[in-house]
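The values are calculated or read from the model by the stated rules, or taken from the named source; none is laboratory data. Since the model is a prediction, treat every value here as computed from it, not as a measurement. Cβ placement follows ideal geometry from the backbone for every residue including glycine, while neighbour counts extend to all protein chains displayed. Protein only, heavy atoms only, side chains kept; ligands, DNA and RNA dropped before computing areas. Shrake-Rupley method; radii C 1.70, N 1.55, O 1.52, S 1.80 Å.
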Amino acid sequence: MALPVPPDASGSPCLLERGRVEALVRSHLTRNGRYLDMVQKYGSPLYFVDEAALADRARQFRAAFESQLQAVRCFYAVKSNNHPFLAKTLLGMGFGLDVSSGIELEGALALGATDILFSGPGKTASELALAAQHHERVTVLMDSFGELERLEREAAKRGLQVRAGVRLMSDERGLWRKFGIPLHDLYAFWEAASRCSHVTLCGLQFHASWNLNPGNQMAFIARLGQTLSAFEQEVLSRIEFVDIGGGYWPAQGEWLHPADEANRSHPLETSASQRPPVHLPAVPIEQFAEKIGRALQEHLYPHLTCAIYLEPGRWVCHDAMHILLRVVDKKERELVITDAGTNTVGWERYETDYFPVINLSRPSLEEVPCLILGSLCTPHDVWGYRYFGGAIEPNDVLLVPSQGAYTYSLRQRFIKPLPRVVIAKGSTIIAWDDVPWEGSAGDTVLQ
């Protein structure tokens, strides 16, 4: 269910409207019986993958940009959720895959992907060799002058011609200097690449992350256009694509706990627990597409005739996976322990990030203060500070919705077992035992 977005989604913090949260809770309570049946059949905890939500978001994303641009190609950013089913589904919808390591590249090749972008810093010689060996399916997005030299060397050893682009540094300050080359080095990089007989440089890429609105992307497109305006036409004619990356925040925006509520351990203070969470609004993807398209028309297309590549990850998979867990122990009226720990998501996300915890066993639109904690032997194992429900007792089944992005990929085998994966594929529920990203076991399940 797509939630309404405030008309002025500037990213400025505001209080989260209760109606927005209730709309999300209601959308899941309509499927209450299905969730409870899954837990009854497969146990808990569970990762639940919703194929319909994934496909719907993918169609919406692509349609938004195709309505604004002539030549668009979408590549799913595998790192955002590396379960093979998601990549396999999106390949079937015509997406390519964006991978950031040799492991992810092996997985993309095993799934039969024929259009793969290999990005990321610090690619090893063996990773570049793998990309060169599959040059007909892989475009390498080089991250540095040194990487250009290493790719040329690995391709030359095998007598192969590798298609490549270069990543441009979108922010020359601090830790973001890790990624790509500065814009002022682009011409020198192009000259260096022209001396490499086994690397065909034909594209540019940049990525501005964590975008609640398209301002960062638009600003860099303007800078890129100014840089390219000084290039000779012969060089410009060789640029086949510009990849503007991902970083599009889902339309819900970012939901955070009130500052004085986060990191509290005991007891709950009613005044803080009753205050609404904080909301950082995001603009709809259609507005991203419209404004980015306008920036491309103004700053880039006067110099280039090229395809535009996009690397959506978070936006596409955010609503495609949820987590189901069960209450194991009620230690106090306002403190329960669940059978899933935050190793399920790989980091202490819910100390700061707010997602509604929905008690499916005792459904209600009332939100009740309570420490919802996991079963790991660490105090930082927090699911939330409140729940939606009439009460909460041992054996109750809880749902944490919209956990598709940067959770499953970060899961850790720490103390407790990881959940099983169940997939809603149409009216059929498939149990997919946890398999490595590059494994073929998942393909067997789906046949």
Can you check what the net charge comes to around residue 40, using other residues whose Cβ is under 12 Å from the Cβ of residue 40 (Lys, Arg +1; Asp, Glu -1)?
-> +2
Cα convex hull volume per residue for the range 286-413 (Å³) | 137
How much length, in nm to one decimal, is gained on full extension between residue 156 and residue 88, taken as 0.36 nm per residue of separation minus their Cα-Cα distance?
-> 21.2 nm
Per residue, what accessible area does the chain have, given a 1.4 Å probe and all protein chains present, in Å²?
-> 40
Among (i) 64, 61, 50; (ii) 71, 47, 38; (iii) 58, 49, 43, which one is Cα extents along the principal axes in Å computed from these coordinates?
-> (ii)
For the chain, which whole percent of the accessible surface, found with a 1.4 angstrom probe, sits on carbon and sulfur atoms?
-> 51
Just how far, in whole angstrom, is the range 292-316 from the range 9-67 if you go by their alpha carbon centroids?
-> 28
Note down the magnitude of the dipole of the range 287-347 about its Cα centre, charges +1 on Lys and Arg C-beta and -1 on Asp and Glu C-beta and zero elsewhere, to the nearest 20 debye.
-> 80
About the Cα centre of the chain, how large is the charge dipole given +1 on each Lys and Arg Cβ and -1 on each Asp and Glu Cβ? Please answer in debye to the nearest 20.
-> 440
Given the pairs 88/330; 41/123; 79/330; 41/416; 178/425, which are separated by over 32 angstrom at their Cα positions?
-> 88/330; 41/123; 79/330; 178/425
Computed from every Cα-Cα pair in the range 44-101, P(r) in 5 Å bins starting at 0 and rounded to whole percents is 4, 16, 27, 24, 15, 9, 3, 1, 1, 0
Per-bin percent of Cα-Cα distances, the range 1-132 [10 Å] = 9, 27, 30, 25, 8, 0
For the chain: relative contact order, % (alpha-carbon pairs under 8 angstrom, 6 or more apart) | 22
Residue-normalised 222 nm signal for the chain, counting each DSSP H run of n ≥ 4 as -39,500 (n - 2.57), nearest 500 deg cm²/dmol, is -8500 deg cm²/dmol
What is the packing order of peptides 88-98, 295-305, taking the mean over residues of other C-beta atoms within 10 Å and listing the highest first?
-> 88-98, 295-305
Along the charge dipole of the chain, Cβ charges K/R +1 and D/E -1, which of 92, 198, 43 sits furthest on the positive end?
-> 43
Nearest-0.05 FRET efficiency for residue 430 and residue 235, computed from C-beta distance (R0 30 Å) | 0.05
Residue-wise, which Karplus ³J(HN,Hα) couplings in Hz belong to the range 172-179, taking 6.51 cos²θ - 1.76 cosθ + 1.60, θ = phi - 60°, and x for glycine or proline?
-> 7, 10, x, 5, 5, 5, 4, 9
Dipole of the chain (Lys/Arg Cβ +1, Asp/Glu Cβ -1, origin at the Cα centre): which of 395, 133, 162 lies farthest to the positive side?
-> 395
